[in-house]
Amino acid sequence: MNEWSTPPVQASNPTLVVLGFRRQIVYHLHFWALIAVAPLVMVQWNQGNGLLALLLLVFSLNAVLVMALLHWRNLYFGRGWGFVALAVICSAYSTVINGHAGLYWAYPAIAAVFFLLSLREACITAIVFIAVMAVVAFNIFPEADFWRILFSLALTSIFVLVFAWLVGRQQTELTRIATTDPLTGCLNRSQLADILNSQIQMRERYERVSSLVLMDLDHFKGINDRWGHVAGDEVLQEVVIRIKRRLRDSDQLFRIGGEEFMIVLPETRQKDAETLTQQLLTSFSAGPFRENIPITASAGVTEVVKGETWSTWLNRADQALYAAKSQGRNRLVSMRGAATISGDASKTGEMTSLP
């Protein structure tokens, strides 16, 4: 999915929601800048400032191109650099030929920098912008005006920098909260479809296999009833710790239900996924949890099949988990992928049960 595409009204992926809002900010900045600048093309032309009129025309055309590509192609042309570069040049040159009347445009321009570029890029650009305007102001304004211009531009940059930094931190924190389970720190369902789809695309494009593990703690309700919900929560946290000890950095762990977990294993054949899952089940049953609480788990394992959807892949893992529970729990069932796929139907392949 293109990161600049507009997410659905009720998008499930918070990261895409944030990107969608950023897309709107970029679009509106270019739109209102176009509304403000386009009439000045003729104004400057009529005043005999042909070069400035040409620069403003290029600025306006860049804004139109950015908006058009965002709207119809979901592409962000220039990644903001066209706007920024032209804004710096136009503001500086307009100040040279128009004095204070040109200087006023430097303030909205320098604020826009922090909304269009990354924070690091914006800081560097703002320093360059202020330096350029300082040179211009020093040469055409009295010394008192020079210092006012220098400090007012610097303060404007600092204020917008602090705002952009705080908004960025807030977006990062809100995305983290929205995408993780607060009790265990695992990923939640909000990113499930996107992550599974990414593994399917790797299978389609590069023949890279991935495996999926669904795991459910056996008779967990009995733990809550006997030892209490606080003890149950601590057991879930310890389960996650034991699982993460055996996972790689590229593996992803989800909590998708009360006591149900999903593990996505990129670049992993089904046989290797079976070995890992068996080790995890053994680690649960071998060592008691808080207050000597015994824990066992059931698991379903399956490998992605070329040509299937993420829901089909997940459903096959769910069928394997259900089979493990039906066969007495405390075991894993490994279900081979569909031999053929026609529409929504599939022929189930080999199923292996490991106690």
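Brief remarks on what is shown
- Exactly one residue out of Val167, Val162, Val135, Val128 is out of contact with any helix residue (DSSP H, G or I) (no Cβ under 9 Å at 6 or more places or on another chain) and modelled with pLDDT of 90 or more, and it is Val162.
- Selection of region 124-180 for residues being open to solvent by 30 Å² or more (accessible area, probe 1.4 Å), closer than 21 Å to Val88 by Cα and among the polar types (S, T, N, Q) yields Asn139, Ser152, Thr156.
- Any hit, region 110-117, residues being surrounded by fewer than 18 Cβ atoms within 10 Å (Cβ to Cβ) and modelled with pLDDT under 95: no
- Cβ pairs under 6 Å, 6+ apart, first in region 176-190 and assigned to a loop (DSSP other than H, G, I, E, B), second basic (Lys, Arg) and open to solvent by 40 Å² or more (accessible area, probe 1.4 Å): Asp181/Arg255; Thr184/Arg255; Cys186/Arg255
- Top-ranked residue of region 72-95 - restricted to ones that are farther than 19 Å from Ile127 by Cα and not polar (S, T, N, Q), ranked as surrounded by the fewest Cβ atoms within 10 Å (Cβ to Cβ): Trp72
- Unmet criterion (only one of (1) under 20 Å from Ala87 (Cα atoms); (2) in a loop (DSSP other than H, G, I, E, B)) for Met133: (2)
- Considering residues of region 209-225 that are in contact with a helix residue (DSSP H, G or I) (Cβ under 8 Å, 6 or more places away or on another chain), over 18 Å from Arg336 (Cβ atoms) and not acidic (Asp, Glu) only, the residue surrounded by the fewest Cβ atoms within 10 Å (Cβ to Cβ): Asn224
- Gln199 vs. criteria open to solvent by less than 40 Å² (accessible area, probe 1.4 Å), among the polar types (S, T, N, Q) and within 22 Å of the chain's Cα centre (by Cα): yes
The values are calculated or read from the model by the stated rules, or taken from the named source; none is laboratory data. Just so it is clear, the structure is predicted and the values come from calculations on it, not from any experiment. When we count neighbours, we look across all protein chains shown, and the Cβ atoms used for this are built from the backbone with ideal geometry, even at glycine. These area figures cover heavy atoms from the full protein model, side chains too; ligands, DNA and RNA do not enter into them. Shrake-Rupley method; radii C 1.70, N 1.55, O 1.52, S 1.80 Å.
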